[in-house]
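The values are calculated or read from the model by the stated rules, or taken from the named source; none is laboratory data. Remember, it's a predicted structure, so these values are computed and weren't measured experimentally. Counting neighbours? That spans all protein chains shown, and the Cβs are built from the backbone with ideal geometry, glycine included.
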Amino acid sequence: MTDQGFQKASRTVLDEISRALGQVDPAQVAALEAAVLSAQAVFVVGAGRSGLVGRCFAMRLAHLGLRCHVVGETVTPPVGPGDLVVALTRAGETPTTCAAAEAAAKAGAKVIVITAAADSPLARGAHAKVVIPTNTKADGVNSAQYGGSLFEQALLVMLDTIALRLQSRLAQTSPEMDARHANLE
């Protein structure tokens, strides 16, 4: 017997993600993809669950053979001109993410923010932005889910979609990517 409560709840989550991603501007995504491909190195920064999603994206970029780092790790090198910082924050107000983006811009790196808050100070100050329209404190978009869950889920699916598109553009095969996968797990 199928638990219809689970099926209904999972459909709610999937429908919300689909609606949110259906509103993302493809031109913003294309600009992010171009920036990733042209960067000397990509640095990903985010806090909380957004930061965890950022780690997933950084891992896929590394599997694609791109130079990528997670901000805050002890082995993260300095950022500078020619580098890209991808800042992930639903509300565009997370202090550590904002501080990292500001420091990166001062060091000459390009900053692209992925956020739900298109008019946040972080989004306005970035070189470019990708807006995932989900529930923020001010936008009035409703979600059945708690807090930033919808943003974080849509962010993961969007970044995995970008990784898939980059895999195609870079003509990377699964065996080539497997060769770059961690072997100390």
Take residue 9 and decide whether it is in contact with a Cys (Cβ under 8 Å, 6 or more places away or on another chain), outside any strand (DSSP E or B) and either of a type outside the set (Phe, Trp, Tyr) or more than 28 Å from residue 180 (Cβ to Cβ) (or both). no
Restricting to helices (runs of 4 or more DSSP H) lying wholly in the range 111-185: which have 3 or more residues that are surrounded by 14 or more Cβ atoms within 10 Å (Cβ to Cβ) and at negative phi? 121-125, 149-169
Under 15 Å from residue 158 (Cβ atoms), modelled with pLDDT of 95 or more and either of a type outside the set (Gly, Ala, Ser) or out of contact with any strand residue (DSSP E or B) (no Cβ under 7 Å at 6 or more places or on another chain) (or both): which single residue out of 42, 79, 29 fits that description? 29
Where the second residue is outside any helix (DSSP H, G or I) and aliphatic (A, V, I, L, M) and the first is free of Cβ contacts under 8 Å to residues at least 24 places away in the same chain and lies in the range 96-115, which pairs have Cβ atoms under 7 Å and are six or more apart or on separate chains? 105/111
Anything in the range 95-105 that is within 16 Å of the chain's Cα centre (by Cα) and closer than 12 Å to residue 123 by Cα? List them, or say none. 97, 98, 101
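I'm trying to understand the selection: among the residues of the range 66-84, which are among the hydrophobic types (A, V, I, L, M, F, W, C), assigned to a loop (DSSP other than H, G, I, E, B) and over 10 Å from residue 109 (Cα atoms)?
From the range 66-84, those among the hydrophobic types (A, V, I, L, M, F, W, C) are 66, 68, 70-71, 75, 79, 84; that's our starting set.
Narrowing further to those that are assigned to a loop (DSSP other than H, G, I, E, B): 66, 71, 75, 79.
Within the range 66-84, 66, 71, 75 qualify.
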Number of the condition not met by residue 49 [criteria: (1) surrounded by fewer than 19 Cβ atoms within 10 Å (Cβ to Cβ); (2) free of Cβ contacts under 8 Å to residues at least 24 places away in the same chain; (3) part of a helix (DSSP H, G or I)]: (2)
Residue among 170, 155 that is farther than 21 Å from residue 48 by Cα and either among the hydrophobic types (A, V, I, L, M, F, W, C) or in contact with a Leu (Cβ under 8 Å, 6 or more places away or on another chain) (or both): 170
If you go through the range 103-145, how many residues are among the charged types (D, E, K, R), modelled with pLDDT of 95 or more and more than 20 Å from residue 53 (Cβ to Cβ)? 2
Could you please find all residues in the range 52-61 being under 16 Å from residue 172 (Cα atoms) and surrounded by fewer than 18 Cβ atoms within 10 Å (Cβ to Cβ)? 59
